[in-house]
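Undergrad: Have a look at this one.
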Amino acid sequence: KNLNICMTFKATDNTIVMATCQLDNPDQLFSYDLSKRAIKIRGKCLDYARSTREVYMNFCHYQRNQMWYYNRVTKEIKTLHDEYCFDMAGTKRLKMYRCHGGDNQKFEIPSSWDMAPPSIIASRVMLEKSGDFISISEVEVFDEANNNVALRKVAGQSSQFSTTSTAGKGVDGDTSSTTNSLVITKNRGFENWYVDLGGEFNITRVVIYNSDGTDGFPHYRMSDIAVFLMRGREYVAGYKLGTITEETIYPIITSSFQRPDFITIGNWRLSQVCKSCDTNYFSISTRLNFEKSFSVLASDGTVVGETYPTEYHGYAYDSLSGPTFSSSGVVYGDHAVQIGDWRL
C-alpha cells in the first residue's frame, strides 16, 4: 500500500497498477510464499521483465526476478535480480526503477508477510574462487539500517593482476566497469578478496557488481565465486554463485546464505564435499595444491585416496564435487566436531 492505494492485478493484460484499496476486491488479495520469496495471486507470480522493467503477473518459475524482499527501514521492495526498486509511475503502473528514496518507492506490506531478510553478525566479507581470476567492480555490504558498511574500509586480496587492480577498488564506491575500476587477481589456482568491516555489524545483504564485459574481462569471471560472511577468521555463512552470463549486479540477501561444511586450519581444510553425489565424501585438502586431495573418505567405508586426484577438493568451488553448504554446518560438541554428516 502506497499513499492509501493498493497493488491491484489487471487480469486483462496481467499488469499491476495502484488503485483505491478495497477490502473485498479479489484483485488486491495477494499472498507471499516465503519459501520461494514469491508474491502470488490466482496461481501466478509477480515478475519483473528485465528488458522493459515492467512489473506483471506471470507463470511461476521462481528465478531471481520473481524473488522479492522488503527493507523495513527504507520501505523499499526489490528482487534478487538487481538493486532496482518497486516504483509507482505517474500512470500508477508499477515498474522497477533506480532507487531514489522518493515516496513513490515507499510501500507498506501486510504484517504477516515475512519479506525482510534476517541479519547475520559479521566483521569481514570474503570472496574465494578456484580455477580462474576474480574480476569484480564493487562489493557493497548493508546493515539493518541500510548503510553500506564496507565503503572505503580496509580490503585485501591474494594476488594482484596489475598495478591498478588493487583490492581497495572493490570498496571505493565506483561501480563502473572500466579496467581501472576493477579488482582483478591473478589465476594461481585459488584466489581470494576480502574487506574488513572495522567491527561487527548485523548484515542483511551483500551486493556484488560484475564487470560489464566491455574491457576484456568477461561476465563469467564472477561465476562460481564463494561469498562468505565471517567473524574474524571464522566462516559464519556462505553462498556460492552459479554461472554468471550477463548480470552486472548480484544482490545476495542473508536468508540465502548457508553454513559451510568445513573447518579451515591455515592453508588446510577438512570438509564435506560433493553435494551432487549419491555417496557422501569427506576431504582433507590444501589450497596450495589443486592437483589432489590428500585424503578422501566415502560414507560407504572406502578410502578414495588418490584415485580421483583432482576431485573432492575442499577449495574447488568450480567443481560439483567441491565443498558443501548446509543449514547445520560445523557443530562443536563435547569431545567431538560435526562437519556436515561427519563426526570427528
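The values are calculated or read from the model by the stated rules, or taken from the named source; none is laboratory data. Bear in mind that the values here come from a model prediction, so they are computed numbers and not experimental data. Neighbour counts run over all protein chains shown; Cβ positions are idealised from the backbone, glycine included. Note: accessible area is taken over every heavy atom of the protein model, side chains too, but ligands, DNA and RNA are not part of it. Shrake-Rupley method; radii C 1.70, N 1.55, O 1.52, S 1.80 Å.
Undergrad: Consider only pairs whose beta carbons are under 9 Å apart and that are at least six residues apart or on different chains; among these, list those whose first residue lies in region 136-159 and is within 19 Å of N210 (Cα to Cα) and whose second residue is of a type in the set (A, V, I, L, M) and surrounded by fewer than 16 Cβ atoms within 10 Å (Cβ to Cβ).
TA: Partner pairs satisfying both residue conditions: E140/L151; V141/L151.
Undergrad: If you don't mind, another one. So which residues in region 48-85 are under 22 Å from F142 (Cβ atoms), over 16 Å from the mean Cα position of the chain (by Cα) and β-branched (V, I, T)?
TA: Of everything in region 48-85, those that are under 22 Å from F142 (Cβ atoms), over 16 Å from the mean Cα position of the chain (by Cα) and β-branched (V, I, T) turn out to be V73, T74, I77.
Undergrad: Sticking with this one: Could we say that S119 is farther than 23 Å from Y32 by Cα, buried (at least 16 other Cβ atoms within 10 Å of the Cβ) and in contact (Cβ under 8 Å) with a residue 24 or more places away in the chain here? Show your work before the answer.
TA: Values: farther than 23 Å from Y32 by Cα: no; buried (at least 16 other Cβ atoms within 10 Å of the Cβ): yes; in contact (Cβ under 8 Å) with a residue 24 or more places away in the chain: yes.
No.
Undergrad: Scanning region 266-324 for residues that are basic (K, R) and open to solvent by 40 Å² or more (accessible area, probe 1.4 Å), which turns out modelled with the highest pLDDT?
TA: Applying the first criterion (basic (K, R)) to region 266-324 yields 269, 275, 287, 292.
When the remaining residues are screened for being open to solvent by 40 Å² or more (accessible area, probe 1.4 Å), the result is 275, 287, 292.
Numbers: K275: 79, R287: 89, K292: 80.
Taking the candidates together, the pick is R287.
Undergrad: Would it be correct to say that Y239 is open to solvent by 10 Å² or more (accessible area, probe 1.4 Å), in contact with a helix residue (DSSP H, G or I) (Cβ under 8 Å, 6 or more places away or on another chain), on the phi < 0 side of the Ramachandran plot and not in a loop (DSSP other than H, G, I, E, B)? So that I can check it myself, show each step before the final result.
TA: Working: open to solvent by 10 Å² or more (accessible area, probe 1.4 Å): yes; in contact with a helix residue (DSSP H, G or I) (Cβ under 8 Å, 6 or more places away or on another chain): yes; on the phi < 0 side of the Ramachandran plot: yes; not in a loop (DSSP other than H, G, I, E, B): yes.
Answer is yes for this residue.
Undergrad: From the list A89, A167, A116, A145, exactly one residue is of a type outside the set (D, E) and more than 30 Å from C6 (Cβ to Cβ). Which is it?
TA: A167
Undergrad: Also, quick follow-up: Can you work out which of the residues in region 48-95 that are among the acidic types (D, E) and part of a strand (DSSP E or B) is least open to solvent (accessible area, probe 1.4 Å)?
TA: My answer is D87.
Undergrad: Also: On the given criteria, is R188 modelled with pLDDT of 85 or more, open to solvent by 40 Å² or more (accessible area, probe 1.4 Å) and among the basic types (K, R)? Show your work before the answer.
TA: Values: modelled with pLDDT of 85 or more: yes; open to solvent by 40 Å² or more (accessible area, probe 1.4 Å): yes; among the basic types (K, R): yes.
Considered against the rule, which asks whether it is modelled with pLDDT of 85 or more, open to solvent by 40 Å² or more (accessible area, probe 1.4 Å) and among the basic types (K, R), R188 comes out as yes.
Undergrad: To continue, here is another question. Is region 134-144 home to any residue that is farther than 30 Å from K186 by Cβ, within 17 Å of the chain's Cα centre (by Cα) and part of a strand (DSSP E or B)? Let's see the steps before the verdict.
TA: Filtering region 134-144 down to residues farther than 30 Å from K186 by Cβ leaves 143-144.
This time we only want the ones that are within 17 Å of the chain's Cα centre (by Cα), so: 143-144.
Narrowing further to those that are part of a strand (DSSP E or B): 143.
Yes: region 134-144 contains one or more residues that are farther than 30 Å from K186 by Cβ, within 17 Å of the chain's Cα centre (by Cα) and part of a strand (DSSP E or B).
Undergrad: Go through region 145-158 and give me each residue that's in a loop (DSSP other than H, G, I, E, B) and surrounded by fewer than 17 Cβ atoms within 10 Å (Cβ to Cβ). If you could, list the steps in order and put the result at the bottom.
TA: Within region 145-158, the first condition is being in a loop (DSSP other than H, G, I, E, B), and the residues that meet it are 145-147, 149-154, 158.
Scanning region 145-158 gives A145, N146, N147, L151, R152, V154.
Undergrad: Hey, does region 189-202 have a residue that's in a strand (DSSP E or B), among the small types (G, A, S) and under 19 Å from G242 (Cα atoms)? Break it down stepwise before answering.
TA: Here is the first cut: in region 189-202, the residues in a strand (DSSP E or B) are 190-202.
Narrowing further to those that are among the small types (G, A, S): 198-199.
Remaining after also requiring under 19 Å from G242 (Cα atoms): none.
Scanning region 189-202, I find no residue that is in a strand (DSSP E or B), among the small types (G, A, S) and under 19 Å from G242 (Cα atoms), so the answer is no.
Undergrad: Of all residues being aliphatic (A, V, I, L, M) and out of contact with any Phe, Trp or Tyr (no Cβ under 9 Å at 6 or more places or on another chain) in region 48-91, which is nearest to N146 (Cα to Cα)? Just the residue, please.
TA: Filtering first and then ranking leaves V73.
Undergrad: Residues of region 29-47 being under 19 Å from the mean Cα position of the chain (by Cα) and part of a strand (DSSP E or B), which ones? Show your work before the answer.
TA: Filtering region 29-47 down to residues under 19 Å from the mean Cα position of the chain (by Cα) leaves 34-38.
A38 - this is the single residue of region 29-47 that is under 19 Å from the mean Cα position of the chain (by Cα) and part of a strand (DSSP E or B).
Undergrad: Please go through region 265-274 and give me each residue that is part of a strand (DSSP E or B) and farther than 19 Å from D318 by Cα, ordered by number. If you could, list the steps in order and put the result at the bottom.
TA: Within region 265-274, the first condition is being part of a strand (DSSP E or B), and the residues that meet it are 265, 268-273.
Within region 265-274, I265 is the sole residue that qualifies.
Undergrad: Right, next: Any residue that is open to solvent by 10 Å² or more (accessible area, probe 1.4 Å) and farther than 19 Å from I120 by Cα - is there at least one of those in region 196-208?
TA: No, the conditions are met nowhere in region 196-208.
Undergrad: For region 18-32, enumerate the residues that are surrounded by 15 or more Cβ atoms within 10 Å (Cβ to Cβ) and modelled with pLDDT of 95 or more.
TA: D27, Q28, F30, Y32
Undergrad: Restricting to region 96-108, what's the tally of residues that are without any contact (Cβ under 8 Å) to a residue 40 or more places away in the chain and either part of a loop (DSSP other than H, G, I, E, B) or exposed (fewer than 15 other Cβ atoms within 10 Å of the Cβ) (or both)? First the steps, then the outcome.
TA: Quick first cut of region 96-108, residues without any contact (Cβ under 8 Å) to a residue 40 or more places away in the chain only: 98-102, 105.
Cutting the leftovers down to either part of a loop (DSSP other than H, G, I, E, B) or exposed (fewer than 15 other Cβ atoms within 10 Å of the Cβ) (or both) gives us 98-102.
Here the count works out to 5.
Undergrad: Then there is this: Restricting attention to region 170-181, which residues are part of a helix (DSSP H, G or I), more than 10 Å from W193 (Cβ to Cβ) and of a type outside the set (V, I, T)?
TA: N180, S181
Undergrad: Quick check on region 149-160. Is at least one of its residues small (G, A, S), within 30 Å of Y70 (Cα to Cα) and touching a Phe, Trp or Tyr at 6+ places or on another chain (Cβ under 6 Å)? Working first, answer last.
TA: Start the filter on region 149-160 by keeping residues that are small (G, A, S), which leaves 150, 155-156, 158-159.
If we keep only those that are within 30 Å of Y70 (Cα to Cα) too, we end up with 150, 155.
If we keep only those that are touching a Phe, Trp or Tyr at 6+ places or on another chain (Cβ under 6 Å) too, we end up with none.
There is no residue in region 149-160 that is small (G, A, S), within 30 Å of Y70 (Cα to Cα) and touching a Phe, Trp or Tyr at 6+ places or on another chain (Cβ under 6 Å).
Undergrad: Restricted to region 325-336, and to residues that are within 14 Å of Y235 (Cα to Cα) and either surrounded by 12 or more Cβ atoms within 10 Å (Cβ to Cβ) or of a type in the set (A, V, I, L, M, F, W, C) (or both), which residue is farthest from the chain's Cα centre (by Cα)?
TA: V331
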